[in-house]
Structure formats: C-alpha cells, structure tokens
1. Is it the case, given these coordinates, that GLY196 is in contact (Cβ under 8 Å) with a residue 24 or more places away in the chain, more than 16 Å from GLY96 (Cβ to Cβ) and in a loop (DSSP other than H, G, I, E, B)?
2. Of the conditions (1) surrounded by fewer than 11 Cβ atoms within 10 Å (Cβ to Cβ); (2) touching a Lys or Arg at 6+ places or on another chain (Cβ under 8 Å); (3) over 26 Å from GLU388 (Cα atoms), ASP331 clears all except one; give me its number.
3. Evaluate the following for GLY252: is it in contact with a strand residue (DSSP E or B) (Cβ under 8 Å, 6 or more places away or on another chain), over 25 Å from VAL151 (Cβ atoms) and exposed (fewer than 13 other Cβ atoms within 10 Å of the Cβ)?
4. Going by the structure shown, is LEU173 surrounded by 13 or more Cβ atoms within 10 Å (Cβ to Cβ), assigned by the TED database to the domain that holds ASN219 and assigned to a loop (DSSP other than H, G, I, E, B)?
5. Of the numbered conditions (1) open to solvent by less than 60 Å² (accessible area, probe 1.4 Å); (2) more than 43 Å from the chain's Cα centre (by Cα), ARG287 satisfies every one except a single condition; which is it?
6. Would you pick out the residues in the stretch 199-221 that are β-branched (Val, Ile, Thr) and assigned to a loop (DSSP other than H, G, I, E, B)?
7. Within the stretch 87-122, which residues are assigned to a strand (DSSP E or B) and surrounded by fewer than 19 Cβ atoms within 10 Å (Cβ to Cβ)?
8. Go through VAL155, VAL131 for me and flag whichever is in contact with a Leu (Cβ under 9 Å, 6 or more places away or on another chain) and either under 18 Å from CYS195 (Cα atoms) or open to solvent by less than 20 Å² (accessible area, probe 1.4 Å) (or both).
Amino acid sequence: QFTTRVVSCRAAELRPEGGGEPVSGFQVVLEDTILFPEGGGQPDDRGLIGDVPVLRVTRRGSEAVHFVPAALEPGAEVLLSLDWERRFDHMQQHSGQHLISAVAEQMFGFKTTSWELGRQRSVIELDTPLVTAEQVEALEKSVNEKIRDRVPVTVKELAADDPEVETVRSRGLPDDHVGPVRVVDIKGIDSNLCCGTHVSNLSDLQVIKLLGVEKGKKNKTNLVFLAGNRVLKSIEQSHSTEKALTSLLKNGPGEHVEAVKRLQSSVKLLQKNNLNLLRDIAVLIARDFKSKPAPKPLFVLHRKEGDSEFMNIIANEIGTEETLLFLTVGDEKEAGLFLLAGPVEAVENLGPRVAELLGGKGAGKRGRFQGKAAKMSRRGEVQALLQEFVSHQNPGA
C-alpha cells in the first residue's frame, strides 16, 4: 500500500482488452504510484485507489495514467493498494524471461528480439530459424541450476549519457523517454536496460518450465515458457485432467492415449455407418414419393438428424423439374439447415423469402437454394408460402 495525492481527474473511455463496447470512466494522475503502467512486454498492474478499482494503467510520457470507474477529487489524499498476486506473477515471468534470454545467448548465441507476457503462458522470440529439442532441454536445465544457486537480482539507475549504459543489453529507449535509465542486473549472468518489475533473487522464481518452441516470424523461433506459480498451476490443472480421464476411460494415465485412439477409430466407423444409413434413408424417402400414382407438386420434409448431403440426395432422386421441394434438418425449435429445390425460376424467386422467414442466410444456383436457418420453428409459415405459390401455378392441386 502507498499513500499519495490525486493530481488530476478527467472523463474518458476505456476499450476492454477482449473487445466490446467502451467503458465510461476517468483517467486519474497521482503524485506518485506503485502501480506499473503497461510497457516493455509486461502488462500493467491492478489495484485500488481508496475503494475504487483501477481497471488499467498506461504510460503518458513520464506519467502513469490510472483508469477508474468513479471520479476522484484532485488534491485528495488517497491510499493506493496493489494487487500483489498479479504483480508477483508478472515479476516471476519477467525475471524468468531475462534469465532465459541471457542463458540462451550465452549457450547458443540466440538473441532475443521480443517477448510477450501472456495470461496463460509467455513467449520469447529468438533470432534463429531453429531450436532443437536437445537445446531446449539443455537450456531448461541451465536456468533451473541458476535458480537453485540463489543468484541476486539488483536494480540501479544511471544517467542516460552514462558510459555504462552502452555495456548493458538493450533494445533501445522509447522516443519519449526522459530522465535516468533503469538497469536490471542478474549477478554474473545478465545486465539489461528494463522498466519492468522483477524479483530480488532468482530463487523467487521457484522453477522454470520450457514448454517447447513454435515457428515464429521469418527466420525466428518462439520459445514458450512458464515460471514460478504458473508451473504449479499447470501441474494442478494437468493432474485434474488426468484424474478425470482416468475416471472416464477406466484405465491408468499411461494408457490414456491408446484408449483415446481406439475411441476415435470407433467414432469414425460409427460416423461412416451413420452417413451410409442416412443416404439409404434419403433414397428410400425419394423412391416412396415417386411411387405415388400422382406425386404432389410440393414435397415438404423435416428430419432432426441429417445434413446437406442427405437433403441433396433426396432432391437428386426425386428430380426437381416439376416438383418443388422444401427440406430441413435440425432441431425444430432451434437452428438447422434448409434446402429449397425445384424449377429454376421458382427457386430464384422464393429462395431469399424462405431464408428471410427462417431468420437465416443462403445462396443458390440452377434450381437449388440452401443455407442455415436460425428459426426452424417458422417452417409452417414457409410451407404455407410454398403451398400458396404451388396453388397459383397448379389451380387443380
């Protein structure tokens, strides 16, 4: 916690990180702050100003701007509280990135070009087209040895024109940077220009797990990792999943993969048999219709189980030169698929109207109009529309 004063407060809007409508609130600047504004690959902190939650912290020049949902009085003394769990997680991931980047460069000459601290996992972009599994294993072993060595991590500030600045690892300063620069030093391992929050000793990282590599941008490789408490949470999640699978599959963890493969094979076979049966049913439905002495000019069918192929087989078997077909599959009260088939001119005129009635979208050509329906419950209205059309075309029908 930290006591400070409100300098300014002005109305503003915040766009949620996941998208959606902007949130109305206020941008607050304090005399000083303990909340880190997003930057340097690290997300921002969260916390409270008094009892008002801080929803975002950004940097504007040398100021940290706190977005809050309620106005605060300029000049008022306020108690600032930090969300420590989030902060400590970011400290572990960021210090973990410094350590991994430094050791990767020392061991293999892989330079770090960027990194991202994600919500679930973090990613380091390495300036190399290939990182082997053996290199990942050796790197993981080395960084964890240094964690066990309890190496101290210190922070110092230097003047921007200090010659020592040239000796530390850096990707450059922001264009609007003013004042001293901050150097994070892992004793004997790395010295790096950085604005982020860090642990004071590598032992605070607990453990680092390298999850593997993914193909990055041109000639680059993304190294995925977890540090500290995220490793423990990942193990807990994996163990819970393992227990659930053991219960469902009725065998031990070592047999889960083979059991799932067998289930997949069974499902594929069942799906194949189901498709064959649907095709047979479609053919029988069409033949039954055609066997009638005087087939009706309108054929309507709904079936809960089915797909586009099922409907098209029926249309192909019946023939659509003289008969207008309205076929639907899916739940009668929810969404599904529809097919309108028949004389080309009739389908062109009626297709868009059918789609509109069903609250869906569709497209068609050569006497077929098909698509998705959001309101399958309105099939009766479509049928009435088609019946009226057919009656006008065939007065005796």
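The values are calculated or read from the model by the stated rules, or taken from the named source; none is laboratory data. Quantities reported herein were computed from a predicted structural model and do not represent experimental measurements. Here the Cβ positions follow ideal geometry from the backbone for every residue, glycine too, while neighbour counts run over all protein chains shown. These accessible areas exclude ligands, DNA and RNA; they are computed on the full protein's heavy atoms, side chains included. Shrake-Rupley method; radii C 1.70, N 1.55, O 1.52, S 1.80 Å.
1. Values: in contact (Cβ under 8 Å) with a residue 24 or more places away in the chain: yes; more than 16 Å from GLY96 (Cβ to Cβ): no; in a loop (DSSP other than H, G, I, E, B): yes.
The answer is no for GLY196.
2. Among (1) surrounded by fewer than 11 Cβ atoms within 10 Å (Cβ to Cβ); (2) touching a Lys or Arg at 6+ places or on another chain (Cβ under 8 Å); (3) over 26 Å from GLU388 (Cα atoms), ASP331 violates only (3).
3. Values: in contact with a strand residue (DSSP E or B) (Cβ under 8 Å, 6 or more places away or on another chain): no; over 25 Å from VAL151 (Cβ atoms): yes; exposed (fewer than 13 other Cβ atoms within 10 Å of the Cβ): yes.
For GLY252, the condition - in contact with a strand residue (DSSP E or B) (Cβ under 8 Å, 6 or more places away or on another chain), over 25 Å from VAL151 (Cβ atoms) and exposed (fewer than 13 other Cβ atoms within 10 Å of the Cβ) - is not met.
4. On the way: surrounded by 13 or more Cβ atoms within 10 Å (Cβ to Cβ): yes; assigned by the TED database to the domain that holds ASN219: yes; assigned to a loop (DSSP other than H, G, I, E, B): yes.
So LEU173 fits the description; yes.
5. The number of the failed condition is (1).
6. Residues of the stretch 199-221 β-branched (Val, Ile, Thr): 199, 207-208, 213, 221.
Across the stretch 199-221, the qualifying residues are VAL199, VAL207.
7. Step one: of the stretch 87-122, the residues assigned to a strand (DSSP E or B) are 112-117, 122.
Once the filter is applied, which keeps residues that are assigned to a strand (DSSP E or B) and surrounded by fewer than 19 Cβ atoms within 10 Å (Cβ to Cβ), the stretch 87-122 yields THR113, SER114, GLU116.
8. VAL131
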